[in-house]
Amino acid sequence: MSEKKPLLEIQDIYTQFFTESGVVEALDGVSFDVTAGEPVGIVGESGCGKTVTGHSILRILPKNGKTIKGKIIYKGINLLNLTHNQMRSIRGKEIAMIFQDPMTSLNPIFRVDDQMTEVISLHRKVNKKEALDIAIEMLESVGLSDAEKRIHDYPHQFSGGMRQRILIARALALQPSLLIADEPTTALDVTIQAQVLEIIKEMQKKLGLAMMLITHNLGVVAEITKRVHIFYGGRVVESGPTEDVFINPQHPYTRALFDSIPSIEKDKTRLETIPGNVPRLINPPKGCRFHPRCKYATEICSRERPEDVWLGPKRRVACHHYEELDLDVDEETMRERVKIKEEV
Ligand SMILES: Nc1ncnc2c1ncn2[C@@H]1O[C@H](COP(=O)(O)OP(=O)(O)OP(=O)(O)O)[C@@H](O)[C@H]1O
Ligand code: SF4
Ligand SMILES: [Mg+2]
């Protein structure tokens, strides 16, 4: 495997929210990287810090939130050291984000052409007419039929799936190097989800985009990504090539996630619950944050934080007992469950 320098390196970041009930330790020493052109999956249960990670990278945290420690190195520059103005030129143009709910990201009172051409002419050196042409071309490439006419419509005149396509088109029209797609299809009907995911997959390949795909859906991770970072309680507990992690998980939480996938026959690959609750991140569990739910936990687990252990250049795990555990998933079962493609 050729060793490319990462496009984005998250180095040991801590993001916290200061609330009336206390400090929420949302990200607690998160590190991972994304290589140029690489689709990476970010996976974990609700509340484990996936969205906060995306917002920390783009520095769009709410007022009570702050990344207090660590580095976010993008193309060799620590984004945490940039001024607000410098950061503005990174957002959209360099790193774009697609949010979960397509309705909140489009302004209902402006037509789609205005909302697209405004950002395009702001970030690319083109005039209004050229910006409109780019917008139409992008809408066509995400499968919006009659784009030349429909671009003059208002957001409410489109279905949810179409609105998400518009947002994808708008994000990609700026030619970003990195796309953060945060649960881009959860707000959509199941039938539409597959179509929108297909568009994302196609565009990622066609444009050679690096992508952080945040999702609960392990089938999607298996199909679209080459590498995966598993989050739990504001930490990355396991990372590695997607297929390796899926077949040979090293962390009990990763294994529990896989065991929670309902059978494929029901065509439901979203996560069901793992026994126990996701930790509250105000006064989170000491030591390994998974210990209250882990069937392998011993005394050290509630006392000492497990450090990252590198098992290969891109493969790591944070568990005190990983060496003693055999968590392998039967390959047949796993392929069946998440429909891992042979070429992944
Ligand atoms: N504005 C905020 N104020 C206080 N706590 C917050 C705020 N935003 C997020 N958090 C907390 O940070 C933690 C991580 O939240 P985050 O939204 O990143 O989860 P997530 O992994 O994206 O979950 P989901 O899958 O539900 O989208 C949660 O415990 C959440 O309650
Ligand atoms: S460190 Fe301990 S509690 Fe945490 S996952 Fe490993 S065995 Fe379980
Ligand atoms: Mg989220």
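The values are calculated or read from the model by the stated rules, or taken from the named source; none is laboratory data. Note that the structure is a prediction, hence the values are computed from the model and not measured. All Cβ positions, even for glycine, are placed from backbone atoms using ideal geometry, and neighbour counts span all protein chains on display. We work out accessible area using only protein heavy atoms, side chains counted, and drop any ligands, DNA or RNA first. Shrake-Rupley method; radii C 1.70, N 1.55, O 1.52, S 1.80 Å.
Residues that are touching a residue at least 24 places away in the same chain (Cβ under 8 Å), in contact with a helix residue (DSSP H, G or I) (Cβ under 7 Å, 6 or more places away or on another chain) and open to solvent by 30 Å² or more (accessible area, probe 1.4 Å) number at least 1 in the following strands (runs of 3 or more DSSP E) confined to region 1-100: 65-74.
Taking (1) closer than 30 Å to GLU25 by Cβ; (2) touching a strand residue (DSSP E or B) at 6+ places or on another chain (Cβ under 7 Å); (3) of a type in the set (A, V, I, L, M) in turn, ILE224 satisfies each apart from (1). Number of residues in region 50-69 that are away from ligand 3 (no atom under 12 Å from the Cβ), of a type in the set (S, T, N, Q) and within 21 Å of TYR232 (Cβ to Cβ): the value is 2. Residues in region 4-20 that are modelled with pLDDT under 95 and more than 9 Å from ligand 1 (Cβ to nearest atom) were compared, and the one that is farthest from LEU79 (Cα to Cα) is GLU20. Total residues in region 101-126 satisfying the condition of being open to solvent by less than 80 Å² (accessible area, probe 1.4 Å) and without any contact (Cβ under 8 Å) to a residue 40 or more places away in the chain: the figure is 5.
Could you please find all residues in region 278-289 being under 27 Å from ARG227 (Cα atoms) and modelled with pLDDT under 95? Passing the criteria: VAL278, PRO279, LEU281. Condition first: free of Cβ contacts under 8 Å to residues at least 60 places away in the same chain, acidic (Asp, Glu) and under 30 Å from PRO6 (Cα atoms). Can you find one or more residues in region 138-157 that meet it? Within region 138-157 (the criterion being free of Cβ contacts under 8 Å to residues at least 60 places away in the same chain, acidic (Asp, Glu) and under 30 Å from PRO6 (Cα atoms)), the answer is no, since none of the residues qualifies.
Listed by first and then second residue, the pairs linking a residue in region 162-187 that is at negative phi to a residue that is in a strand (DSSP E or B) and open to solvent by 10 Å² or more (accessible area, probe 1.4 Å), with Cβ atoms under 7 Å apart and 6 or more places separating them unless they lie on different chains, are SER177/LEU7; LEU178/LEU7; ILE180/MET97; ASP182/MET97. Within region 308-317, the set of residues being open to solvent by 50 Å² or more (accessible area, probe 1.4 Å), modelled with pLDDT of 95 or more and out of contact with any Lys or Arg (no Cβ under 6 Å at 6 or more places or on another chain) comprises just one member, LEU311.
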